[in-house]
Amino acid sequence: MSLLEQRTKADWQALDSDHYIHPFTDHKDLGEKKSRIIVRAKGVYIYDVDDNEILDAMSGLWCVNAGYGRTELADAASDQLKELPYYNSFFQCANPPSIELAQMLKNITQAHLNRVFYTGSGSESIDTMIRIVRRYWEVMGQPKRTTIIARKNAYHGSTIAGVSLGGMSPMHSQGGPLLPGIEHIEQPYWFESDRSLSQADFGLKMAGLLEERILELGAENVAAFVGEPIQGAGGVIIPPDNYWPEIERICKHYGVLLVNDEVICGFGRLGEWFGSDHFKVKPDLITFAKGVTSGYLPLGGVMVGDKVADVLIEKGGEFNHGFTYSGHPASCAVAIKNIQILQNEKLVERVKNDIGPYMQKKWHALAEHPVVGETRMVGLMGAMELVSSKTSCERFDDKSTAGTVYRDFAVNNGLVMRAVGDTIVTSPPLIISHDEVDELIEKTWKCLDHTQKVMAS
Ligand code: PXG
């Protein structure tokens with residue numbers, strides 16, 4: 001008998017509420033509302049225990065790039081688990097999938113990114129990256145270069161290093177003290193600014209904040225600047241085109257390492273393999289996770305550029321860092337198959353030339369709705385701002401209410417989207433069809449109508 005046949009929905013909900021501590025959840029609230037139990041998925045749709053079909057316009061948590069129900073990925077995991085379920089990568093050992101994947105990653109990333117360190121998640125990738133960056137400067141004979149600069153409202157994970165590097169104030173307010181040696185500058189969020197500057201002037205101004213901070217701290221104390229190419233969890237904040245090239249120029253000028261956190265933007269999301277390719281910058285390191293396996297198994301990593309890797313390998317000796325699951329054979333086997341799917345089905349090109357432009361056009365048409373102040377989208381990663389007044393783009397007084405009204409109505413009407421305050425974000429699987437985009441947009445419009453009605457009442 002399957003698990004589903006043994007229990008009722010009420011059983012699951014009661015057990016869940018009694019024993020399961022969920023991420024980012026108010027459990028008193030959940031105890032009253034009860035969790036939605038998701039039992040299966042196919043393509044772009046997830047199905048709950050009542051068999052409601054819900055279009056997942058978030059790819060799970062920005063990760064199911066190849067879509068649900070890929071038997072090739074399940075088979076890759078199963079075959080590998082039968083052959084070699086686990087062995088570690090410490091003590092001069094390796095396994096074939098982890099080696100093969102390293103070469104594939106080298107091939108799909110920029111030419112100077114030739115080496116990978118494997119982790120089990122995005123947060124572990126961030127921790128690893130911080131240790132690599134600081135170790136690099138020690139080996140370089142500049143041990144004072146420890147400070148890492150990131151942005152406010154950035155998301156870099158939930159471990160203590162991830163929380164500290166991220167710029168989420170609700171996270172900073174719990175469970176301190178945080179990691180020392182981290183600085184935050186303002187994010188390039190044009191819609192939240194007074195919008196008096198052109199996008200181009202705003203891009204230069206916000207990048208200039210990095211230079212100001214480096215000068216305040218003294219370049220000799222700064223190890224790296226880290227940023228998501230497009231901030232995901234913060235609300236799909238797309239910087240002006242000149243922002244990243246200017247950041248790169250500043251990093252180069254002061255000898256500061258440039259790191260792109262590609263946990264969301266990587267593996268085709270923006271219509272290029274990586275966000276740094278879209279913004280045409282050359283990071284010294286990138287962190288990745290999520291889309292590398294389309295979320296089918298946990299895997300993350302750091303791609304280390306030659307400049308840093310050569311120094312660490314030539315002069316660094318043993319790097320005292322690693323995880324039990326670094327280079328897990330089953331996760332790596334799934335990643336290999338997943339990258340082959342992205343390549344064979346030309347999904348990255350599809351996002352750039354076909355489904356991306358198709359969805360962007362329809363998404364931007366939503367800006368006509370009376371409660372939408374701005375729409376933005378690159379590849380298949382987008383956002384819209386809910387506002388009370390279209391002309392002034394003023395927010396609703398009761399911040400986050402409109403976003404919550406929208407999100408709850410959406411999920412009860414067959415559509416998953418995330419609300420970040422009053423910003424609605426979307427990031428559907430890269431395999432979404434034209435008809436499914438039409439369905440997503442139609443449902444979105446209905447959710448907007450509902451939100452408008454509730455907010456006016
Ligand atoms: N960096 C970035 C850019 C991320 O988006 C992480 C690091 C951490 O990855 P792990 O695998 O440790 O979770 C992330 C994760 C949301 C949401 O609600 C976003 C993430 C995770 C959970 C929720 O948007 N991103």
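Rounded to the nearest 5, what is the percent of antiparallel bridges among the DSSP beta bridges in the chain?
Details: 33 of 49 bridges.
Looking only at bridges with both residues in the chain, the antiparallel portion is about 65 percent.
Could you order peptides 14-21, 160-167, 83-90 by the average number of other Cβ atoms within 10 Å of their residues, highest first?
Details: 14-21: 11.2, 160-167: 23.2, 83-90: 13.6.
Highest mean packing first, the order is 160-167, 83-90, 14-21.
On a C-alpha basis, how far is the centre of the stretch 259-289 from the centre of the stretch 89-123 in Å? Whole number, if you could?
Measuring centre to centre over Cα atoms gives 16 Å.
Given a 1.4 Å probe, how much area per residue of the stretch 164-320 is accessible, in Å²?
Working: 5910 Å² over 157 residues.
Solvent-accessible surface per residue comes out at 38 Å².
For the chain, compute the orientation-averaged projected area of the C-alpha convex hull (one quarter of its surface), in nm².
Values: hull surface 90.6 nm².
Computing the convex hull of the Cα atoms and averaging its projections yields 22.6 nm².
Can you work out the base-10 log of I(q)/I(0) for the stretch 72-344 at q = 0.08, 0.09, 0.13 1/Å, using the Debye formula on its C-alpha atoms alone?
-0.32, -0.40, -0.84
Given Cα pairs under 8 Å that are at least 6 residues apart, what percent is the relative contact order of the chain? Don't skip to the end; give the middle numbers.
Numbers: 865 pairs, mean separation 91.7, N = 457.
In percent, rounded to a whole number, it is 20.
How large a share of the accessible area of the chain, in percent, is made up of carbon and sulfur atoms when the probe is 1.4 Å and the other protein chains stay in place?
The nonpolar share, carbon plus sulfur, comes to 53 percent.
Taking amide H positions as placed in the peptide plane 1.01 Å from N, state which residues far from Leu257 in sequence (5 or more) or on other chains have amide H under 5 Å from it.
Ala224, Phe225
With a 10 Å radius around each residue's Cβ, average the other Cβ atoms per peptide and rank 396-407, 291-302, highest first.
Details: 396-407: 17.7, 291-302: 25.9.
Packing proxy ranking, top to bottom: 291-302, 396-407.
Which residues' amide hydrogens lie under 5 Å from the amide hydrogen of Ala57, considering only partners 5 or more residues apart or on another chain, with H built in the peptide plane?
Val416
In terms of modelled amide H atoms, which long-range or inter-chain residues lie less than 5 Å from the amide H of Arg40?
Hits under the 5 Å cutoff: Tyr47.
With only Lys, Arg, Asp and Glu charged, each at its Cβ (+1 for the first two, -1 for the last two), find how big the charge dipole of the stretch 322-457 is about the Cα centre; round to the nearest 20 debye.
Numbers: 15 positive and 17 negative charges, 62 e Å.
That gives the stretch 322-457 a dipole magnitude of about 300 debye.
Place +1 on the Cβ of every Lys and Arg and -1 on the Cβ of every Asp and Glu in the chain, take the dipole about the Cα centre, and give the residue among Ser276, Ser35, Leu415 whose Cα lies farthest towards its positive end.
Ser276
Using only helices, what value at 222 nm comes out for the chain when you add -39,500 (n - 2.57) per DSSP H run of length 4 or more and divide by the total residues, to the nearest 500 deg cm²/dmol? Spell out each step's value before the answer.
Details: 18 runs with 194 residues, N = 457.
Rounded to the nearest 500, the figure is -13000 deg cm²/dmol.
Kindly flag which residue pairs out of Lys152/Lys205; Lys362/Lys443; Lys106/Lys307; Lys280/Lys352; Lys282/Lys315 have an alpha-carbon separation exceeding 18 Å in this structure.
Details: Lys152/Lys205 15 Å; Lys362/Lys443 12 Å; Lys106/Lys307 15 Å; Lys280/Lys352 15 Å; Lys282/Lys315 24 Å.
The pairs that break the limit, which is 18 Å between Cα atoms, are Lys282/Lys315.
Can you give me the relative contact order of the stretch 72-344 as a percent, contacts being Cα pairs under 8 Å and 6 or more apart?
30 percent
For the stretch 3-47, report the accessible area per residue in Å² (1.4 Å probe, heavy atoms, rounded to an integer).
Numbers: 3450 Å² over 45 residues.
Here the per-residue accessible area is 77 Å².
Lysines near Lys28 by alpha-carbon distance under 27 Å, same-chain residues fewer than 8 away left out - which ones?
Output for Lys28: Lys9, Lys399.
What's the magnitude of the charge dipole for the stretch 72-344 around its Cα centre, counting Lys and Arg as +1 and Asp and Glu as -1 at the beta-carbon? Answer in Debye, nearest 20.
Values: 22 positive and 30 negative charges, 51 e Å.
That gives the stretch 72-344 a dipole magnitude of about 240 debye.
Would you mind working out the magnitude of the charge dipole of the stretch 80-137 relative to its Cα centre, with +1 at each Lys and Arg C-beta and -1 at each Asp and Glu C-beta, to the nearest 20 Debye? Mind dumping the intermediate values first?
Working: 6 positive and 4 negative charges, 47 e Å.
Approximately 220 debye in magnitude.
The values are calculated or read from the model by the stated rules, or taken from the named source; none is laboratory data. Please read these numbers as outputs of a predicted model, since none were measured by experiment. Positions of Cβ are generated from backbone atoms using ideal geometry, with glycine treated the same way; all protein chains shown enter the neighbour counts. Just the protein is used for accessible areas: all its heavy atoms, side chains included, with ligands, DNA and RNA removed. Shrake-Rupley method; radii C 1.70, N 1.55, O 1.52, S 1.80 Å.
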